[in-house]
Amino acid sequence: MEFIAKEIERLETEGLYNQIRTLESGQGAWVTIEGEEVLNFCSNNYLGLAADPRLVEAAKEAIDEYGVGPGAVRTIAGTLSLHEELEEKLTEFKKAEATIVFQSGFNANLATIPALVGKGDIIYSDALNHASIIDGCRLSGAKVKVYGHDKLDELEELLIEDQDKDCKQLIVVDGVFSMDGDIADLPGIAKLAKKYDVMTMVDDAHGEGVLGSHGRGIVDHFDLHGQIDVEVGTFSKALGVVGGCVSGSKKLIELLKQQGRPFLFSSAPTVPDMAAVMESVNILQESDELVQKLWDNGEYFTEKMEQLGFDTGESETPITPVMIGTAEKAAEFSSKLLDEQIFAQSIGFPTVPKNTARIRVMISAAHSKEDLDFALEKFEKVGKEMGLI
Ligand SMILES: *Cc1c(COP(=O)(O)O)cnc(C)c1O
């Protein structure tokens, strides 16, 4: 077991060792770290729903009625009426034909990709796809062809190359790319998929609750209902809870209930999670207000940061990368921010390419105008101190 100590040492010397911060409070605009109140700029709690009293109440009521645990995998005795109610609600919300719920978005990808393609088949994968897509592709055993990030001309060349092959083919892509905040050219992908007769799958983890009318997601944003075969979602980001889902045709969902391995071999999502997610969707259906607030906050913050002279990259969403350069410098920036009560983690290689290290600011509807102004003042202070602006 000596290799373990060596591996940990390597991570430390290469600056890749994760320092895990502990929150001593619930999620929100302000959180407690090491006894200090700090302004939270790095959770995925886009709409501030993670500690919303309506979700808390829904979870409590469900616990009173059903208890806590599911007791089994979905296919044996773990399917509660709550799971099916949530699946129906999500189907309606996403304007899809059917939906299946998983324990997480990560599991949704691991379940779906191997159920659709296998040995001898081909997957076309964007270079910046999320780790759970990459792992799902590996598990499937299909050949994976990676094309440059959002480079649809490269994708088309690959599709032409394989045009006459007698196998299943799948294009898989993140909807919103989490490190840069840019949006996939889904209409372009749908067009290519139709032309070359291949399947399409989008992982909308950062688009759900953010893009589209009432936060219905990327498919709604581009009005592509019925044109993308597989729509993956997660409950852990804007929806504020935990869990994942896949929406698509009735036959697709039927297949995933028969062959999605995490559905068959890992216990069902818990009672309070399902009830809380249901309440999140209720809130979104009733009003677009939180989604609007999120976008207003994002636009305000980006505009002011650019006025200060920061480079905020190519984001098209409330994910706001603040480009710094080397990983060391980004880490220093983040630590100086924390001294100023701003909690914003730096992200460096290998999560992003070398020398494009950044502070990834996650804007939330939970932030007030005063919070954003407070942060802008601190960014300006640290930015000047470090000679970045
Ligand atoms: C966060 C994320 C996931 C994982 O979702 P969980 O529900 O947290 O497991 C999957 N795909 C993408 C693109 C993500 O950003």
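The values are calculated or read from the model by the stated rules, or taken from the named source; none is laboratory data. The model shown is predicted, which means the values in this text are computed figures rather than measured ones. As a convention, Cβ positions derive from the backbone with ideal geometry for all residues, glycine included, and neighbour counts pool all protein chains shown.
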Qualifying position, being within 16 Å of the ligand (Cβ to nearest atom), hydroxyl-bearing (Ser, Thr, Tyr), surrounded by 14 or more Cβ atoms within 10 Å (Cβ to Cβ) and under 20 Å from the mean Cα position of the chain (by Cα), among THR99, THR91: THR99
Under 6 Å between Cβ atoms, at least 6 apart or on separate chains: pull out the pairs that start in region 142-162 with a residue that is within 11 Å of TYR124 (Cα to Cα) and end on any residue that is among the polar types (S, T, N, Q). VAL144/SER125; VAL146/SER125
Report whether or not GLN292 is within 19 Å of GLY136 (Cα to Cα) and not basic (Lys, Arg). no
What is the residue count in region 304-333 for residues that are small (Gly, Ala, Ser) and under 12 Å from THR356 (Cβ atoms)? 4
Can you find a residue that is in contact with a Cys (Cβ under 7 Å, 6 or more places away or on another chain) and charged (D, E, K, R) anywhere in region 111-121? yes
Helices (runs of 4 or more DSSP H) fully within region 276-389 counting 2 or more residues that are closer than 30 Å to VAL101 by Cα: 289-308
For SER315, indicate whether it is among the hydroxyl-bearing types (Ser, Thr, Tyr) and surrounded by fewer than 16 Cβ atoms within 10 Å (Cβ to Cβ). no
Test for GLY209: is it out of contact with any Gly (no Cβ under 9 Å at 6 or more places or on another chain) and either in the same structural domain as LEU110 (by TED's automatic domain parsing) or over 21 Å from ASP273 (Cα atoms) (or both): no
So which residues in region 35-59 are loosely packed, with under 13 Cβ neighbours inside 10 Å and either free of Cβ contacts under 8 Å to residues at least 12 places away in the same chain or hydrophobic (A, V, I, L, M, F, W, C) (or both), if there are any at all? GLY35, PRO53
Quick check on region 43-53. Is at least one of its residues of a type outside the set (Asp, Glu) and outside any loop (DSSP other than H, G, I, E, B)? yes
Residue check: is PHE106 within 16 Å of the ligand (Cβ to nearest atom), part of a helix (DSSP H, G or I), of a type in the set (Phe, Trp, Tyr) and crowded, with 17+ Cβ neighbours inside 10 Å? yes
Is it true that ILE171 is within 16 Å of the ligand (Cβ to nearest atom), more than 19 Å from SER132 (Cα to Cα) and buried (at least 24 other Cβ atoms within 10 Å of the Cβ)? no
Is there a residue being away from the ligand (no atom under 16 Å from the Cβ), of a type outside the set (Gly, Ala, Ser), surrounded by fewer than 21 Cβ atoms within 10 Å (Cβ to Cβ) and closer than 22 Å to LEU186 by Cβ anywhere in region 124-144? yes
Test set (1) over 22 Å from CYS245 (Cβ atoms); (2) touching a helix residue (DSSP H, G or I) at 6+ places or on another chain (Cβ under 9 Å); (3) more than 16 Å from the ligand (Cβ to nearest atom) - LEU80 fails condition number: (1)
From the list ASP229, ASP203, pick out the single residue that is closer than 29 Å to MET179 by Cα and crowded, with 24+ Cβ neighbours inside 10 Å. ASP203
Looking for something of a type in the set (S, T, N, Q) and away from the ligand (no atom under 16 Å from the Cβ) - is there at least one such residue anywhere in region 209-223? yes
Search result, residues across region 224-269 that are more than 14 Å from the ligand (Cβ to nearest atom) and polar (S, T, N, Q): GLN227, SER247, SER249, GLN258, GLN259, SER267
Residues of region 109-133 satisfying the condition of being within 16 Å of GLU254 (Cβ to Cβ) and either among the aromatic types (Phe, Trp, Tyr) or within 20 Å of the chain's Cα centre (by Cα) (or both): ALA111, THR112
